[in-house]
Each structure stands twice: as structure tokens, then as C-alpha cells.
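One structure is given below, encoded as C-alpha cells.
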Amino acid sequence: MLPLRHVRVWRVASVILTMLVLAATLMPAFWFFDDKRSALVWFHHADKWLHALTFVTLTIWYAGLYRRRSYWRVAVGLMAFGFLIEFCQLLVSYRTADWVDIAANAAGIITGLLIAIAGAGGWCLRVEEWHAARYSGS
């Protein structure tokens, strides 16, 4: 983990974010993807794009907390989380597990890692530095 001033805050926020993603993936999605009344009926493969976007976001989030040399751990952890999501979706009758969702998750992780390597990684340190400068009177 990066040398953050507020490690506990970042960890709690990370757990909350991850649990919200898990809860969202296990909620009934009939209102969102129902063919007749869908809010996204015009957007083909919206579910796959949402998986990818979610995992881009999670990857950038966790890349903000860890050093670049630990990005592989972020990727492995998020892939495991993606498999957990699909396994949990097998256990509920109103969701379906799909290997293409796993592929979308992997694409999101790779994209997120590329964004992190391009400069977004370590963003938590920059947020803490900005916050310290803003509220220290500098």
C-alpha cells in the first residue's frame, strides 16, 4: 500500500465500494434490462459494457491505493472478485452467470491498469496532498 495518511479511511471506503458493487450485481435487474421496458433497450450489450466500466473504475480505485509493482495483485484480486460475482449470480434465480461477463471484467481490468500506468495510479496520494495543502493554510 502507498504511504497514505488516512489508510483506515481509504480501506473503509474500499470495502464499502466493493460491497456496493457486489450488492448491485446481485440485485434483480429486470427493470434495467427487461427487453420491453428497459432504460437501455437502445444500447446493445449494455450489461457487458457496465461490467467493463465497473471494473475499470475498481481498478483505478485500487491502483490509487497501491504501488505500481503491486498492480498485478490488484488485477488478480479483481479477477477473483469477478469470479465471485458470477458464482453468486449462479446462486440466485433472477440473475445469470456468463463467461462473457468475465471477459468484460478482464477487459475492464486491463483498461484500468493501462489508465493507472498512464498516470492515474497513486491518485490517493495526490488527493491527500491536495487536502493537506488546502486545510493547512498553505
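The values are calculated or read from the model by the stated rules, or taken from the named source; none is laboratory data. Not measured: the values here are computed from a predicted model. All Cβ positions, even for glycine, are placed from backbone atoms using ideal geometry, and neighbour counts span all protein chains on display. Areas reflect the complete protein model, heavy atoms only, side chains present, ligands, DNA and RNA absent. Shrake-Rupley method; radii C 1.70, N 1.55, O 1.52, S 1.80 Å.
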Heavy-atom surface of the chain, accessible at 1.4 Å and reported per residue (Å²): 64
For the chain, with +1 on Lys and Arg beta carbons and -1 on Asp and Glu, the positive-most of Leu20, Phe87, Ile60 along the dipole: Ile60
With every protein chain in place, the chain: carbon and sulfur % of accessible area (1.4 Å): 70
Alpha-carbon Debye profile of the chain, log10 I(q)/I(0) at 0.13, 0.14, 0.19, 0.21 Å⁻¹: -0.63, -0.71, -1.09, -1.23
Gain in span if fully extended, Val15 to Thr111, counting 0.36 nm per residue against the direct Cα distance: 32.4 nm
Helix-derived mean residue ellipticity, 222 nm - over the chain, DSSP H n ≥ 4, -39500 (n - 2.57), to 500: -22000 deg cm²/dmol
Whole-number D in µm² s⁻¹ for region 71-129, Kirkwood Cα-pair radius fed into Stokes-Einstein, 4 °C, 1.567 mPa s: 100
